[in-house]
Ligand code: ADP
Ligand code: MG
């Protein structure tokens with residue numbers, strides 16, 4: 001019987017119950033799911049480079065067999081690290097191959113075993129003319145010694161898959177090859193015909209076939225860049241449905257009743273003007289206009305405010321809050337840490353005092369009686385702006401008339417937490433702020449159901465921060481620099497990666513604080529701040545630092561977000577190699593907030609790993625948060641960047657927002673256009689069922705269409 005898309009993978013040749021379980025753990029249940037797992041790379045095994053023609057230093061794919069002759073045999077060294085050595089040859093020459101931690105290969109590589117090896121080929125440093133490969137990717141060809149090579153293995157462009165558990169790339173290839181060879185050919189076409197025509201996309205059926213086993217004349221470069229017609233189509237498809245879901249969700253939002261605020265009234269405008277302590281930048285003005293236009297509409301705002309650290313998002317949020325309060329509603333402002341919440345509370349009080357608005361702080365760990373009073377004021381409506389941490393979303397907090405929810409540093413909160421706060425009002429407006437500026441295309445995928453506003457300009461009078469990389473041996477000079485800064489009347493941060501000493505041999509904030517206070521800066525006023533202090537201790541340390549009673553603040557990453565003390569102009573970060581790029585940038589954002597020149601000194605050994613080096617070099621080279629975020633994404637990938645894969649990554653198996661951003665833009669345009677016609681959209685979504693029943697869920701299209 002021919003195989004069809006809906007068949008379970010369990011009954012395929014070469015699968016069986018155990019492998020089926022492995023596949024199922026990855027969400028691969030049907031043949032359709034299996035065919036969605038595309039190769040991550042392709043090898044041209046039509047034309048192998050003969051060993052004699054290899055130019056050292058290049059990545060090559062070679063086809064050779066294990067050789068026991070010529071004095072070289074398969075040997076296994078039991079040193080501290082087990083290194084497995086093997087020599088391979090083709091008709092033209094020999095390559096010496098080493099596998100670190102290669103103990104598992106012992107006894108597996110018989111003389112004459114045919115292998116395809118992929119990796120960098122170098123010249124042996126000590127033996128000129130001798131070629132070597134270290135830890136190449138390796139595939140056995142032919143079942144055993146002398147066995148014939150399978151047609152899936154050589155003589156074609158060969159797909160290389162990510163292994164799934166114990167299922168190797170080679171096994172997957174065989175399974176998929178057999179599926180395609182016995183396939184009933186019935187792959188429905190879900191994309192609208194107009195789109196297929198407009199972009200000359202191949203049909204889904206052809207695209208899948210060629211993405212797994214490309215035709216001989218397909219360019220290997222295009223394939224490995226994911227730009228063959230088949231791959232482009234499949235990437236487009238994933239973005240298209242994802243964006244269609246976002247577009248429909250957004251339309252749904254627009255049909256919800258919201259609170260239309262009066263914005264143009266003279267009284268409201270005057271109130272907004274009155275709270276401004278300075279002249280807003282052009283970017284701040286533009287962004288406020290975008291927010292105000294949303295607040296006027298009869299459906300809830302859903303907007304993301306992006307801007308680099310220190311670009312002045314808070315005041316924009318406060319202006320929006322003013323509009324809402326003048327309309328008789330309450331505002332909730334949620335921050336990710338107690339320190340940041342306290343900071344916002346203080347600025348809100350300072351700014352709103354004159355207007356006579358009630359400002360309240362809800363935080364865990366305050367005194368019971370004070371907390372109850374605060375809760376009562378929120379419930380009665382006497383508190384018009386309510387600042388807090390996630391304590392805000394807890395049950396006892398009830399609002400009288402919540403009109404606007406502001407979430408600061410969105411990347412720290414899950415979508416659910418945001419939703420729980422929103423549910424405390426009746427369709428309140430929502431403004432989400434993030435200080436991890438991300439490229440627009442990525443913002444579109446991650447927060448595609450939000451409107452996006454960007455503050456792309458810094459307040460005037462900032463001098464760029466100078467960033468230096470110093471070694472630990474230079475610490476004396478670093479402390480000298482701190483001393484000079486303090487005697488000029490300014491303040492400094494010294495940051496450590498951990499609170500207490502541990503086996504990791506990292507300097508810890510607590511111990512270093514004591515050492516610095518006693519031995520390095522005995523004449524200076526020095527304070528300690530970390531996450532395990534009680535709230536009132538944190539408040540008191542921050543107050544003293546703000547008033548310059550503390551001159552040097554030793555801290556952990558608790559100061560990463562929000563802390564705003566413009567007189568602090570120097571930051572020393574020890575073990576800088578231990579921090580992520582976004583984190584370093586956030587930390588550095590604590591200085592450079594006034595007009596004085598600020599400096600950030602990153603302390604780390606010079607012989608650190610390549611990745612850590614790249615992070616520090618990026619920090620030294622640029623202060624631009626958008627550039628840094630882009631670098632960070634390249635180094636870590638979006639999943640890790642956000643510390644979570646919940647954001648839609650899961651919806652993509654081929655597509656990658658950063659790499660494929662042009663295709664994303666295209667798909668977004670088409671999807672949003674289609675969503676304008678709900679009936680057509682419903683038809684297209686219905687067709688997805690025929691491709692795979694799991695797809696509606698995958699794209700969260702279950703609730704629409
Ligand atoms: P972030 O975007 O990181 O939240 P903040 O809102 O904390 O930045 O603003 C950083 C600093 O810049 C604050 O001290 C704020 O008072 C100041 N600031 C904001 N906007 C302006 C402006 N238009 N002119 C001068 N200073 C400003
Ligand atoms: Mg902020």
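Quick look at the values:
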read-out: Rounded tilt (10° steps) of 16-25 against the dominant C-alpha axis of the chain; value: 20
read-out: Separation between Cα centres of region 7-63 and region 649-679, rounded to whole Å; value: 27
read-out: Relative packing of 507-517, 661-671, 4-14, which averages over residues the other C-beta atoms within 10 Å, highest first; value: 661-671, 507-517, 4-14
read-out: Prolate/oblate/rounded label for region 267-400 (Cα gyration tensor, a/c 1.5); value: prolate
read-out: Among 323-333, 46-56, 349-359, the order from most to least packed when residues are scored by Cβ within 10 Å on average; value: 323-333, 349-359, 46-56
read-out: Cα-based shape type of the chain, given that a ≥ b ≥ c are square roots of the gyration tensor eigenvalues and the cut on a/c is 1.5; value: oblate
read-out: Helical mean residue ellipticity (222 nm; -39500 (n - 2.57) per DSSP H run of 4+; nearest 500) of the chain; value: -11000 deg cm²/dmol
read-out: Length-normalised contact order for the chain - Cα pairs under 8 Å, 6+ apart - percent; value: 13
read-out: Degrees between helix 282-296 axis and first principal axis of the chain (Cα, 0 to 90, nearest 10); value: 90
read-out: Cα gyration tensor shape for region 466-622, rounded if a/c is under 1.5, else prolate or oblate; value: rounded
read-out: Order by protection proxy (mean Cβ within 10 Å, highest first), peptides 210-217, 83-90; value: 83-90, 210-217
read-out: Average Cα contact separation per residue, region 524-641, under 8 Å, 6 or more apart, as relative contact order %; value: 22
read-out: Inter-centroid distance (Cα atoms) of region 165-236 relative to region 431-470, Å; value: 37
read-out: Angle in degrees between helix 229-254 and the longest Cα principal axis of the chain, rounded to the nearest 10; value: 30
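Rule-based calculations on the coordinates, nothing more; no lab input. Keep in mind the model is a prediction, meaning the values are calculated, not measured. As a convention, Cβ positions derive from the backbone with ideal geometry for all residues, glycine included, and neighbour counts pool all protein chains shown.
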